[in-house]
1. 222 nm [θ] for the chain, helices only, -39500 (n - 2.57) per DSSP H run of 4+, per residue, to 500?
2. With each label point set 7 Å from Cα along the Cα-Cβ vector, what nm distance links Asp26 and Ser81?
3. Using alpha carbon coordinates only, what is the Rg to Rh ratio of region 2-173, with Rh defined as the Kirkwood radius?
4. I'd like the FRET efficiency for Gln117 and Lys137, computed as 1/(1 + (r/R0)^6) with the beta carbon distance as r and R0 of 30 Å, rounded to 0.05.
5. Between exposed GluC sites (Glu not before Pro) in the chain, where DSSP calls loop and at most 16 other Cβ atoms lie within 10 Å, what's the longest gap?
6. Expressed in whole Å with the largest first, what are the equivalent ellipsoid semi-axes of region 101-174 derived from the C-alpha gyration tensor as the square root of 5 times each eigenvalue?
7. Over region 2-173, calculate the relative contact order: mean separation of alpha carbon pairs under 8 Å at least 6 apart, over the residue count, as a percent.
8. What lysines does Lys51 reach when the alpha-carbon gap must be under 25 Å and sequence neighbours fewer than 8 apart in one chain are set aside?
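Here, each number is a calculation from the coordinates, and none is a lab measurement. Note that the structure is predicted; figures quoted are calculated from it, not measured. Here the Cβ positions follow ideal geometry from the backbone for every residue, glycine too, while neighbour counts run over all protein chains shown.
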Amino acid sequence: MKLKADLTFNGTERRPFLMSGPSEPDDHLAHRLAAFILFWNDEPTLDATTKTPALSGFEFLPDLLATDAAGEATLWIECGSVTMNKLTKVTRRMPRARIVIIKENERSAQQLRKDLQDQFDRPERVEILAWPGNSYKEWAETVGDSVEGFGEADGRTINGVVNEKMVVVEFKSF
């Protein structure tokens, strides 16, 4: 699946293009697009690769990555599922980066927080945000192959219009 967007949030315009990988579910592109909008002010990259200087020699890739002017990772974002092994390596190799996981619902966010508390050596390093109620499902149905949207986003909320549908989401923190 391919997703092309024409977005104006927080007064700036961007035209991201997303393409799913071989084993990536179609709704994961919608999830990544939402994270891109949510963290608009951080100017995240949707297509970070091992050629991205901050990821040089790294065996894992994020769903989105933001870097500072020097090219150091400042924000690592995962959408949906992520393994403890990956989180362990990311937190150790990127001690100054903010690590955020966005889950599809509150129940899965609560479960991840519990798993982190039980199994992870530094659970406080990982921020978990969850779509409230059925908002993720509604978002995934709103997003198609082509997306037009505008509004405001601040890292905790998205307030705008996407494909002619009003979108107001306040993510819950866990």
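1. Numbers: 4 runs with 45 residues, N = 174.
Counting only the DSSP helices, I get -8000 deg cm²/dmol.
2. Going by the 7 Å Cα→Cβ label model, 1.9 nm.
3. On the way: Rg = 15.4 Å, Rh = 16.4 Å.
A ratio of 0.94.
4. Details: r = 27 Å, r/R0 = 0.92.
Between Gln117 and Lys137 the formula returns 0.65.
5. Values: sites that count: Glu59, Glu72, Glu164.
For GluC sites (Glu not before Pro) (loop position, at most 16 other Cβ atoms within 10 Å), the longest site-free span of the chain is 73-163.
6. Working: eigenvalues 157, 30, 18 Å².
In descending order, the three semi-axes are 28, 12, 9 Å.
7. Values: 309 pairs, mean separation 39.1, N = 172.
The normalised contact order for region 2-173 reaches 23 percent.
8. Lys2, Lys4, Lys86, Lys89
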